[in-house]
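Down below is the structure, laid out as C-alpha cells.
The values are calculated or read from the model by the stated rules, or taken from the named source; none is laboratory data. Bear in mind that the values here come from a model prediction, so they are computed numbers and not experimental data. No Cβ is skipped: glycine too gets one built from the backbone with ideal geometry, and neighbour counts run over all protein chains shown.
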Amino acid sequence: MTQPLFCQSCATPLADIELMEDSGPTTRLRCPSCGWTHWNNPTPVLAAIVEYRGQVLLARNAAWTNNMYALITGFMEAGESPQEGIAREVKEETNLDVSALDLVGVYDFQRMNQVLIVYHAVADGEVVLSPELADYRLYDLDALRCWPAGTGYALADWLRGRGHEPQFMEWPRPSVAE
C-alpha cells in the first residue's frame, strides 16, 4: 500500500515524526505544519464464500494478469453494516441475491494492510458479472483448492466446518536475488 506524500488537510509534505502514544514513542507520518496524522490503520474488507445452487462460486478479477479465481470481495460503504455491505457486493459483482449470511471469521491480511471480514453467503438468481470480473467458475466442495493467503485461509476454515479437509494449491514463491 502506498503512503500519502502530502497532508490531506493543508497539502504540506508529510514527515516522519515521533509521537508519544500509550504504547510509547511511535514514528508516524505527520504534517509539520498543521499536525494532521496519517494513522495507516488497516482497511476492513468484506468477502463472501458464495454458495450458488450447491456449489461455490469463485471469480477472476478483470485486472488480474494471472488465472487466479477467488472469493467475492469489496469495501463497506458509509452507513451500512458488514452484512449489508457483502450482500450489496455479491449483487453488484454477480447479480445474485443473498438469502442467508453466516460469519466465517475475521482474518488478518497484513500484506495489504487489511482486515478481512468473511461470510458464507447463500445466493441465487442468474449470474451476470460486473465489468470488475472477467470470469467465474463453480466448484463442488471436494474440488476447491485454497490459496495460502488472505481469504484462502477463510475458505479453508469454512471447508473444515463442513467436514472437508482443505487442500492448498501450489503457490509461486517470489525469487530472491542473491
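State all residues of the range 27-48 that are farther than 30 Å from Ser81 by Cα and in a loop (DSSP other than H, G, I, E, B); if no residue qualifies, say none.
Once the filter is applied, which keeps residues that are farther than 30 Å from Ser81 by Cα and in a loop (DSSP other than H, G, I, E, B), the range 27-48 yields Cys31, Pro32, Ser33, Cys34, Gly35.
Output the number of the condition that Thr26 fails; it satisfies all remaining conditions of (1) at pLDDT below 90; (2) within 20 Å of the chain's Cα centre (by Cα); (3) β-branched (Val, Ile, Thr).
(2)
Specify the residue that is surrounded by the fewest Cβ atoms within 10 Å (Cβ to Cβ); the eligible residues are those in the range 1-27 that are acidic (Asp, Glu) and closer than 24 Å to Pro44 by Cβ. It would help to see each step written out before you state the result.
Step one: list which residues in the range 1-27 are acidic (Asp, Glu), which gives 16, 18, 21-22.
When the remaining residues are screened for being closer than 24 Å to Pro44 by Cβ, the result is 21-22.
On the way: Glu21: 9, Asp22: 5.
Once the filter is applied, the top-ranked residue is Asp22.
Just the residues that are surrounded by fewer than 18 Cβ atoms within 10 Å (Cβ to Cβ) and of a type outside the set (A, V, I, L, M, F, W, C), please, taken from the range 141-158.
Passing the criteria: Asp142, Arg145, Pro148, Asp157.
Condition check: at pLDDT below 95, within 29 Å of Phe168 (Cα to Cα) and either over 15 Å from the mean Cα position of the chain (by Cα) or surrounded by fewer than 18 Cβ atoms within 10 Å (Cβ to Cβ) (or both). Does Asn40 satisfy that?
Working: at pLDDT below 95: yes; within 29 Å of Phe168 (Cα to Cα): no; either over 15 Å from the mean Cα position of the chain (by Cα) or surrounded by fewer than 18 Cβ atoms within 10 Å (Cβ to Cβ) (or both): yes.
No.
For the range 93-106, which positions are touching a residue at least 40 places away in the same chain (Cβ under 8 Å) and loosely packed, with under 14 Cβ neighbours inside 10 Å?
Gly105
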